[in-house]
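*Asks:* If you scroll down you'll find the structure; I have some questions about it.
Derivation of every value follows stated rules applied to the coordinates shown; laboratory data play no part. If you're wondering where the values come from, they're calculated on a predicted model, not measured in any experiment. Glycine gets a Cβ as well: all are built from the backbone with ideal geometry, and neighbour counts include every protein chain shown.
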Amino acid sequence: MTDLLLALVMLLLALPSLSLLILTLAALGQNRKAVAPIAASALPVRVAVLVPAHNESMNVLPTIACLVKQLNPSDQLLVVADNCSDDTAALARAAGANVLERHHAELRGKGYALAFGVDALRADPPDVVLVVDADCVVSEGAVACIAQHCLATGKPVQMLNLMSAGPGAGLKIRVLEFAQVMKNLVRPLGTFRLGGACPLMGTGMALPWALIVNAKLATGHITEDLKLGLDLAVAGHAPQFLPQVRVSSAFPMDTSVAKTQKSRWEHGSLAILMDELPGVLSAALKTGKPALLVMAMDLLIPPVALYFLVLAAALGLSLGAALVWPVWQLAALVASFAAVAFFLAIALTWWCFGRHLLSAKELLSTPVYALWKLPVYLAFFLKKRSGWVRTKRVTE
């Protein structure tokens, strides 16, 4: 009986590995052109592009320039200069954007800025609201493409969201880039192919007016985008993935800044996993909806570096114990299976999506990166969690 209990514990630990491998295999069979975007002239649509910005004077002009040339006369470009102490608002106005300035000493963060912008749009509501962060640019034709798709489906739509390390970037930054390819490209391809849903990523996401006007945006949650996507999926409005268009930004070249940024993301992801997984999983089991099942699968996967550390410890413990106590043998077998599934998912992602980012030798060195992240996870479990702090940009 004891051996079955130990094996069950290891099986629970193996679930993230299985989810990651299943989503990766599904992504390999997902043609990015399988979801044909709606033709730009197919449907009349009024778009409001909402750009939340906090002290983005060094970055907001390329963002506005990129967006302005893609908008029609009936569209709106609204920059929310949120608690800015620089000239972000003045620069945005001069570049042709409508600007709202928001100041609040305590209610700070992107969610509050988005809610402020949506409230301002109520006087002349658009058909679709597209959110683009103030340090991002979108691919050619992206605004019309995602807006048409959003209007046609009546659902939220997420474009491909990737950050680039840039030429000459060090190994740690390129490992971060590879990890984001896995999280923001491979896993969404898998969830969308299996269940017709994907997470929202905060930037490059479009929502029909009827959904965003009633959404709970004004929260101080670190990953308000993930929570919004989950809430919408549970309500029957699962976000769609449109990888044919892209929103791009750059990683900070300073590894300490990148670590701070990644720490905030991963603390938020862990908080979402712990807070939201039970509800999403319960809704998935009750309804049997594929969209909720794949969202639960994706949510089940913790930050990959943390999972590697936990899995390596469990594998070492179970294999060592099995040499002394036969009761551990089944658990060791399950742990070994989990490790094989995990490393196969990583290897497939690298081979099919990431060989241009890391060499094979560099990929094999990534366990050292996982150890670099250990203080991040200790801070989370010791309740020293990252709150909202603006990340220093590449140009600063």
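*Asks:* To the nearest 0.05, how large is the calculated FRET efficiency for A123 and E362 if R₀ is 45 Å and r is the Cβ-Cβ distance?
*Replies:* 0.30
*Asks:* Of H104, H54, how do they rank once you tally other Cβ atoms within 10 Å and put the fewest first?
*Replies:* Sorted ascending by nearby Cβ count, the order is H104, H54.
*Asks:* Here's another thing I want to ask about it. How much net charge surrounds A89 when only other residues with a Cβ under 12 Å from its Cβ are counted (Lys, Arg +1; Asp, Glu -1)?
*Replies:* -3
*Asks:* Between region 102-144 and region 288-304, what's the alpha-carbon centroid distance in Å?
*Replies:* So the separation of the two Cα centres works out to 27 Å.
*Asks:* May I ask you to evaluate 6.51 cos²θ - 1.76 cosθ + 1.60, the Karplus curve with θ = phi - 60°, for each residue of region 282-298 and list the ³J(HN,Hα) values in order in whole Hz, giving x for glycine and proline?
*Replies:* Listing the rounded values in order: 4, 5, 5, 5, 6, 8, x, 6, x, 4, 6, 5, 6, 5, 5, 4, 5 Hz.
*Asks:* Among V175, G195, V138, pick out the residue whose Cα is farthest towards the positive end of the charge dipole of region 122-254, where Lys and Arg carry +1 and Asp and Glu carry -1 on C-beta, about the Cα centre.
*Replies:* So the residue furthest toward the plus end is G195.
*Asks:* I've got another one for you. Search the structure for amide H atoms under 5 Å from the amide H of N161, placed 1.01 Å from N in the peptide plane, and list their residues when 5 or more places away or on another chain.
*Replies:* Under 5 Å from the amide H of N161 lie the amide H atoms of V247, each far enough along the sequence or on another chain.
*Asks:* I would also like to ask the following. Of D124, D86, how do they rank once you tally other Cβ atoms within 10 Å and put the fewest first?
*Replies:* Going from least to most buried by this count: D124, D86.
*Asks:* Counting Lys and Arg as +1 and Asp and Glu as -1, what is the net charge of the other residues whose Cβ lies under 11 Å from the Cβ of E140?
*Replies:* Around E140, the charge tally is +2.
*Asks:* Still on this structure, please answer the following. Enter the Cα centre distance for the pair region 319-349 and region 185-228, rounded to the nearest angstrom.
*Replies:* Between the Cα centres of region 319-349 and region 185-228 lies a distance of 34 Å.
*Asks:* Non-local amide H neighbours of Q76 (under 5 Å, H modeled in plane, Pro and chain starts lacking H): which ones?
*Replies:* When sequence neighbours closer than 5 places are left aside, the close amide H contacts are V47, A48, V49.
*Asks:* Then there is this: Roughly speaking, what is the stretch gain from N98 to S74, that is 0.36 nm per residue apart minus the C-alpha to C-alpha distance, in nm to one decimal?
*Replies:* This chain segment gains 7.3 nm when fully extended.
*Asks:* I would also like to ask the following. How much length is gained if the chain between A90 and V9 is pulled fully straight, taking 0.36 nm per residue apart and subtracting their Cα-Cα distance, in nm to one decimal?
*Replies:* 23.4 nm
*Asks:* For a footprinting-style exposure proxy, rank D225, D127 by other Cβ within 10 Å, fewest first.
*Replies:* D127, D225
*Asks:* Summing Lys, Arg as +1 and Asp, Glu as -1, what charge do residues with Cβ under 13 Å from the Cβ of E362 carry, E362 excluded?
*Replies:* Once all neighbours under 13 Å are counted, the net charge is +3.
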